[in-house]
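A.B. asks: I am attaching a structure below and will ask some questions about it afterwards.
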């Protein structure tokens with residue numbers, strides 16, 4: 001992997017340290033350098049995969065839509081990771097639109113998504129239909 005691919009960005013979501021810690025651990029154990037922010041990041045092009053924890057508050061974050069719109073055209077892998085307490089109704093439309101993958105908080109699935117596998121799961125870890133994700137390419 002190149003240096004950019006080794007540098008992951010995590011949108012830090014306040015109020016759910018469990019999912020933030022789990023994502024951090026998976027990335028650190030696999031050699032990723034991590035940058036985190038709980039606010040808008042103007043240097044999104046400097047990062048490899050962009051990880052967005054999906055929690056009860058994710059869809060209320062005002063700057064998230066703009067950041068995801070910026071990441072898509074840059075070809076960034078945007079990966080949503082469900083928090084164990086989340087429900088399908090917590091998924092922001094913009095994340096569904098721009099995500100490369102949406103996965104449950106399973107180490108292997110997170111790493112597979114970062115490696116390029118297109119996974120689309122609901123909050124119960126069941127496969128979602130492809131038509132739900134307009135970015136999915138057969």
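Residues are listed down the side, and each one gets a yes or a no for (1) under 21 Å from residue 24 (Cα atoms); (2) modelled with pLDDT of 85 or more; (3) in contact with a strand residue (DSSP E or B) (Cβ under 6 Å, 6 or more places away or on another chain):
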residue	(1), (2), (3)
44	yes, no, no
49	yes, yes, yes
57	yes, yes, no
69	no, yes, no
104	yes, yes, yes
115	yes, yes, no
131	no, no, no
134	no, no, no
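A.B. asks: Filter region 71-102 for residues that are at pLDDT below 90 and under 15 Å from residue 45 (Cα atoms) and give the result.
C.D. replies: Answer for region 71-102, where residues must be at pLDDT below 90 and under 15 Å from residue 45 (Cα atoms): 71, 72, 73, 74, 75, 76.
A.B. asks: Still on this structure, I have one more. Kindly indicate the residue of region 1-19 that is touching a strand residue (DSSP E or B) at 6+ places or on another chain (Cβ under 6 Å) and within 23 Å of residue 60 (Cβ to Cβ) and also modelled with the lowest pLDDT among those meeting that condition.
C.D. replies: 13
The values are calculated or read from the model by the stated rules, or taken from the named source; none is laboratory data. Owing to the predicted nature of the structure, the values given are computational and were not obtained by experimental measurement. Cβ sites come from the backbone with ideal geometry, for glycine too, and all protein chains shown count toward neighbours.
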